[in-house]
1. Somewhere in the range 57-69, is a residue surrounded by 10 or more Cβ atoms within 10 Å (Cβ to Cβ), on the phi < 0 side of the Ramachandran plot, in contact (Cβ under 8 Å) with a residue 40 or more places away in the chain and aliphatic (A, V, I, L, M)?
2. How many residues does the range 115-148 hold that are surrounded by 12 or more Cβ atoms within 10 Å (Cβ to Cβ), modelled with pLDDT of 90 or more and farther than 13 Å from residue 76 by Cβ?
3. Can you name every residue in the range 240-269 that is under 20 Å from the mean Cα position of the chain (by Cα) and assigned to a loop (DSSP other than H, G, I, E, B)?
4. Looking at the range 92-145 only, could you name the residues that are of a type in the set (Gly, Ala, Ser), closer than 30 Å to residue 48 by Cα and part of a helix (DSSP H, G or I)?
5. Has the range 150-172 got any residue that is modelled with pLDDT of 95 or more, in a loop (DSSP other than H, G, I, E, B) and under 11 Å from the mean Cα position of the chain (by Cα)?
6. Of all residues being closer than 27 Å to residue 116 by Cα and not charged (D, E, K, R) in the range 46-56, which is surrounded by the fewest Cβ atoms within 10 Å (Cβ to Cβ)? Just the residue, please.
7. Residues that are basic (Lys, Arg), in contact with a helix residue (DSSP H, G or I) (Cβ under 8 Å, 6 or more places away or on another chain), at pLDDT 95 or above and surrounded by fewer than 21 Cβ atoms within 10 Å (Cβ to Cβ): does the range 80-88 have at least one?
8. Any idea how many residues of the range 20-45 are surrounded by fewer than 22 Cβ atoms within 10 Å (Cβ to Cβ) and farther than 21 Å from residue 89 by Cβ?
Amino acid sequence: MKKNMEKIVKNDLELPTVPEEPTRTVPSTMILFGLPKCGKTTKLSELPNCLNIDVERGSNFVRTLKLQPPLDLGPVSTFNWLKKVIQKIKDEGRPYDFVAIDTISYLDQLSEWVGTWNYCQTPQGKSFNRIDSKKGGVLLLPDHPDYESVHTLPDGAGYRYSRSVMTDIFDRCVGLGKICTIFVCHTVDKYVVSKQTNTEVRTIDLSLTGKVRNIYSRDVDAIGYVFQKDEKLNISFKGDENRVGGMRGNKSLQGYEGPLDWKMIFDLK
């Protein structure tokens, strides 16, 4: 049976002989990152038919389409709420041209506690964060003095639990906006040794944890750093050793740095 299946696969496989034309001209996923309160949320409100899923509750001074989680939700409940929102949008046929997740930096912070909860539900974590674990125990809450994060596991083994929380959300959000899903992110300053000058230099990076930063950066179509200049919000798609950035496909925007114009980025009329 296995050999027959292998023959079918081999017979059906055809290698390409003609280059295919591009299927997209604008990014379908984007990371928009900048300092807190630099104007990211306000600028997002200018996008037509854009839903802001405001998990950080930072849009209360902006007139915009938005959804915010209830105030009394903890980390696990917040992620469950977000999953329900995502599924509702899909069930309704993806009615929004743009969907912004504002911010993934805040979700990344919560993912540590969600990952800890998830680990506690596994066989290997059945005694983690529990009182009297021999009897099944009572699960400690994060405000308990003896509570431990899954990140405290030896050799960094616990980070995969928080990372899977963030990658799951990313996968669910791809295609959520008919034109683009935008992941809003804060910045973090780092100091690294320059390979060229062998001196310590300041870099601007995404405020995300370890491999989560690398995964999100790799999988989106565009990464834009936003900043205020001459009382206007500017965007940079330049990427180098001092700052992450870039754009797939659109050659006119590769390396662009200047005023943030949604019409230019998404070819809006």
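1. No, the range 57-69 has no match at all.
2. 4
3. Across the range 240-269, the qualifying residues are 244, 245, 248.
4. Of all residues in the range 92-145, those of a type in the set (Gly, Ala, Ser) come to 93, 100, 105, 111, 115, 125, 127, 133, 136-137.
Next, from what is left, pick out any that are closer than 30 Å to residue 48 by Cα: 93, 100, 105.
Selection gives 105 alone.
5. no
6. Step one: filter the range 46-56 for residues closer than 27 Å to residue 116 by Cα, giving 53-56.
When the remaining residues are screened for being not charged (D, E, K, R), the result is 53, 55.
Details: 53: 25, 55: 23.
Per the criteria, the residue is 55.
7. Here is the first cut: in the range 80-88, the residues basic (Lys, Arg) are 83-84, 88.
Cutting the leftovers down to in contact with a helix residue (DSSP H, G or I) (Cβ under 8 Å, 6 or more places away or on another chain) gives us 83.
Now drop any that are not at pLDDT 95 or above, which leaves 83.
Remaining after also requiring surrounded by fewer than 21 Cβ atoms within 10 Å (Cβ to Cβ): 83.
Checked against the condition, which is being basic (Lys, Arg), in contact with a helix residue (DSSP H, G or I) (Cβ under 8 Å, 6 or more places away or on another chain), at pLDDT 95 or above and surrounded by fewer than 21 Cβ atoms within 10 Å (Cβ to Cβ), the range 80-88 yields at least one hit.
8. 12
The values are calculated or read from the model by the stated rules, or taken from the named source; none is laboratory data. This one's a predicted model, so the numbers in the text were calculated from it and none came from an experiment. Methodologically, a virtual Cβ is constructed for each residue, glycine included, from the backbone with ideal geometry; neighbour enumeration extends over all protein chains shown.
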